[in-house]
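The next block holds one structure in the form of structure tokens; read it before the comments.
Here, each number is a calculation from the coordinates, and none is a lab measurement. Predicted model, so just to flag it, every value in this text is computed and none were measured. Please note: Cβ atoms are built from the backbone with ideal geometry, for glycine as well, and neighbour counts cover all protein chains shown.
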Amino acid sequence: AQSVTQPDIHITVSEGASLELRCNYSYGATPYLFWYVQSPGQGLQLLLKYFSGDTLVQGIKGFEAEFKRSQSSFNLRKPSVHWSDAAEYFCAVGEPGNTGKLIFGQGTTLQVKP
Amino acid sequence: DVKVTQSSRYLVKRTGEKVFLECVQDMDHENMFWYRQDPGLGLRLIYFSYDVKMKEKGDIPEGYSVSREKKERFSLILESASTNQTSMYLCATGPTNNEKLFFGSGTQLSVL
């Protein structure tokens, strides 16, 4: 069965430090891959997505993610975290050509220390 | 900007009540979704719809039903609310090319 695992439930980093959020998926082929962010009291917003091609994808707010087929991973990175990045982050997978049905990971809550 | 509007931000209901959660989108998207969000479980798909009057079960449809009479509106119905349905409910919409989903701000439902 398809699944998404985010091993880190909670991460705390200092402002200005680098960030990596982990995501592993289980899927029979190469799925569509997404990272969404949810700020407190808000819905989810798309940070970036991977469908095919270059395995390093750039997103909004200075985030990037790298698809590694051999590791079934799609980790999210940011070189320098800002206090406004504190939020919950969700990795998700979808079927290529599917009409948008996604499977989400459990989420990682990011806390940023001043 | 796409707007996905959920009718209530907070809702408190009693066990056994019939509950309606409404979602309206203004982007003419074909696809609409209802997710449930619980701490430590992420988002789980309840129901989705590809078109007017069409619906399909997601991963956790038990205790829920949906209605889509107009393209822009997708309603989630709890026929007889139970305490284990206390949760955050998120509506989402998207085009058929699966490029991205647009989410509403959510409805925090408490069933007492």
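Structural remarks
- Complete set of residues in the stretch B:26-50 that are polar (S, T, N, Q) and over 24 Å from A:Tyr89 (Cβ atoms): B:Ser49
- Scanning the stretch B:68-112 for residues that are within 14 Å of chain A (Cβ to nearest Cβ), within 15 Å of the chain's Cα centre (by Cα) and assigned to a loop (DSSP other than H, G, I, E, B) turns up B:Leu101, B:Gly104, B:Ser105, B:Gly106.
- Residues being in a strand (DSSP E or B) and either out of contact with any Gly (no Cβ under 7 Å at 6 or more places or on another chain) or more than 8 Å from chain A (Cβ to nearest Cβ) (or both) - total across the stretch B:3-15: 6
- Just one of the numbered conditions (1) surrounded by fewer than 21 Cβ atoms within 10 Å (Cβ to Cβ); (2) within 14 Å of another protein chain (Cβ to nearest Cβ); (3) in contact with a strand residue (DSSP E or B) (Cβ under 8 Å, 6 or more places away or on another chain) is not true of A:Gly62: (2).
- Filtered by the rule that a residue be assigned to a loop (DSSP other than H, G, I, E, B), of a type outside the set (Val, Ile, Thr) and touching a residue at least 12 places away in the same chain (Cβ under 8 Å), the stretch B:57-67 gives B:Gly58, B:Asp59, B:Pro61, B:Gly63.
- When residues in the stretch A:37-51 are screened for being part of a loop (DSSP other than H, G, I, E, B) and either among the aromatic types (Phe, Trp, Tyr) or touching a residue at least 24 places away in the same chain (Cβ under 8 Å) (or both), 3 of them pass.
- In the stretch B:16-56, the qualifying residues are those that are touching a Ser or Thr at 6+ places or on another chain (Cβ under 6 Å) and in a loop (DSSP other than H, G, I, E, B), and the one that is farthest from A:Pro7 (Cα to Cα) is B:Gly16.
- Hits in the stretch A:15-34 - residues which are part of a loop (DSSP other than H, G, I, E, B) and in contact with a Pro (Cβ under 8 Å, 6 or more places away or on another chain): A:Glu15, A:Ser18, A:Arg22, A:Ala29, A:Thr30, A:Pro31
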